[in-house]
Each structure stands twice: as structure tokens, then as C-alpha cells.
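*Asks:* To start, I am sharing the structure in question, which I have written as C-alpha cells.
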Amino acid sequence: MSAGAAPPKLAVWKFASCDGCQLSLLDFEQELIALPDQIEVAYFLEATKGTIEGPYDLSLVEGSITTPADRERIREVRRQSARLVTIGACATSGGIQALRNFADVDDFISTVYAEPGYISTLEDSTAISANVPVDFELQGCPVDRHQLFEVISAFLNRRRPAIPSYSVCVECKRAGNVCVTVAHGTPCLGPVTQAGCGAICPSCDRGCYGCFGPAEAPNAPSLSRQLSGLGVEDVDIVRLYRTFHADREPFRSEGIAHER
């Protein structure tokens, strides 16, 4: 940033989500203290009620689109944002709430709400990219705070974020973990899941749950065949793929392929 130039404006937006990815940003503590010297936090209701009108140089968006009102709101956010980055499983894949996409949402509404007529919702929960163009997608449930800071730094310095696209298996090898599937027959999504968590679950002798979504060019059908060979039932394979990134390919297709 040149001397005397106004700092770039950052906006952080929430849609249908649990706020966990925004909390990852607040978890920076010391880094946040220095942030105002490089960027102006213009809109971030999780942190402050004070807001500054757009346009914004960088918008971080958490959450999926589940209502007609939010579908219109994200279009307005896109119009006001020079760069728009989605953060977390909800914003990049539709989130846990995208499980509704595999059922009849009207059945859910009539079961949960006493007066369904008051509910205004869309049939599907969709990723932000299904509604507007995005400049980068940061996966994770929640996102890794160091990766999030890397994304902000990259866009401030006009470069591509250095985020790994390889699988969790690489992190397991680096940690010296024994493969839980090979050694114990434990179902694990590590081979098809993007790195970023540090292989937390396999490090505790548990299978990966796919929190960080599909890795680059994952071979999900091959993994499914291996799991079937280990005796994992189709219903359990469906459950493996239908968690945080249920509606993101190839997890979506693999879940459908094993339904009965």
C-alpha cells in the first residue's frame, strides 16, 4: 500500500452457518491487533456493530444460501465486492444443511414447525458459487485459521493463496501415522479429502470425516470399492460422504451411487 493511500476495505458476511469460520478469524488475537495497519475492517458484525459502506476490496463470505432473501443479498454483496472469497464448508459446499437436498424439504418443515406457512425457504441449500461468481474457495469445517490468514494476505498482496490441494494422506505420512484403513480396516475419507486439518482424526486412530472437502482430482469411486471390499455396507458409505460436504462433487455422486 502506497504512502497516503486508503487501506483496502474488508467485509465479512454471514449466511446460513454456525459462525465457526468467522470465529476462526477472531481467533487470531495478536494478528488482529496489527491488521488495522494494513486493512480496514469495514463490515464484520461478529466483531463490531460499527459498519462502513461499500464498495469493498475483499469480502469473506461464510454460510450457504437457503432462503430467497439470502439469494438476493449475496448478489448485492457480489456487486459491492472487488474480490469475493468463500470460507468454510457451508459457503463452499452447502454445508450440513445441504442434506435437505437429498430429501423433500416440505416434509422437514411440516415436521419441525407448527405453522409451516410462515417459513420462507429454498428447496436446496447451495454453495455461494452456485449463486454468484467467486474468486477463491477456502474449504474446512471450520477453516484453518492460518490458511484463512494466508488468504487475506494473498489478496492484500495481489497473489494466489498458497493453499495445499493434496489429500490428508500426505499429512498422515508427514506425521508418521499408520494408515487406519490398512492397519485396522477403519473407513477413512483421507485419500479423497483436502489437507488442512493436520490429519487430526487419523492421528487419534480414527478415520477422516472429510471436514476439508474433496481434494484435487480425488478418485472417490476407487476408495468406495476399497471400503466395500473391507465389508463396509452401502448405507455406511453413504453416511461417510454425507456430512460436511455432502453436496459437493464427487462426494455427492458417490453418496447417490450407493443409495438403495
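*Asks:* Roughly how many Å is it from the Cα centre of the stretch 111-134 to that of the stretch 52-90, as a whole number?
*Replies:* For the stretch 111-134 versus the stretch 52-90, the Cα centre distance is 16 Å.
*Asks:* At a 10 angstrom cut-off on C-beta neighbours, averaged per residue, how do the peptides 5-17, 102-114, 82-94 rank from highest to lowest?
*Replies:* 82-94, 5-17, 102-114
*Asks:* Okay, next question. Computed from the coordinates I sent, Cα extents along the principal axes in Å equals one of (i) 53, 41, 39; (ii) 64, 53, 26; (iii) 56, 50, 42. Tell me the label.
*Replies:* The calculated read-out lines up with (ii).
*Asks:* Report the FRET efficiency, 1/(1 + (r/R0)^6), for A5 and E72, where r is their Cβ-Cβ distance and R0 is 25 Å, rounded to 0.05.
*Replies:* 0.15
*Asks:* Something else about it: Return the calculated 222 nm mean residue ellipticity for the chain, to the nearest 500 deg cm²/dmol, obtained by summing -39500 (n - 2.57) across DSSP H runs with n ≥ 4 and dividing by the residue count.
*Replies:* So the helix-based figure for the chain works out to -9500 deg cm²/dmol.
*Asks:* Using r as the Cβ-Cβ distance of S253 and V170, and R0 as 22 Å, what FRET efficiency do you calculate, to the nearest 0.05?
*Replies:* It comes out at approximately 0.40.
*Asks:* Can you tell me which aspartates and glutamates have their Cα less than 20 Å from the Cα of K173? Leave out same-chain residues fewer than eight positions away.
*Replies:* Result set, ordered by chain and number: D144, D205, E216.
*Asks:* Can you return the lysines within cross-link range of K49? Criterion is Cα-Cα under 25 Å, with same-chain partners fewer than 8 residues away left out.
*Replies:* Straight-line reach from K49, under 25 Å: K9, K14.
*Asks:* A follow-up question, please. Could you work out how far helix 145-156 tilts from the main Cα principal axis of the chain, as a 0 to 90 degree angle to the nearest 10?
*Replies:* The helix 145-156 is inclined about 50 degrees to the chain.
*Asks:* Could you check the simple spin-label distance between E53 and D27, using points 7 Å along Cα→Cβ, in nm with one decimal?
*Replies:* It works out to 3.6 nm between the two label points.
*Asks:* Test of understanding: ordering E62, E123, E137 by Cβ neighbours within 10 Å, fewest first, what list do you get?
*Replies:* E123, E137, E62
*Asks:* Please give the length that would be gained between T111 and D234 if that part of the chain were fully extended, namely 0.36 nm times their separation in residues minus their C-alpha to C-alpha distance (nm, one decimal).
*Replies:* Contour length minus the Cα-Cα distance gives 41.5 nm.
Rule-based calculations on the coordinates, nothing more; no lab input. The shown structure was predicted, so the numbers you read here are calculated from the model rather than taken from an experiment. Don't worry about glycine lacking a Cβ; one is built from the backbone with ideal geometry, like all the others, and counts go over all protein chains shown.
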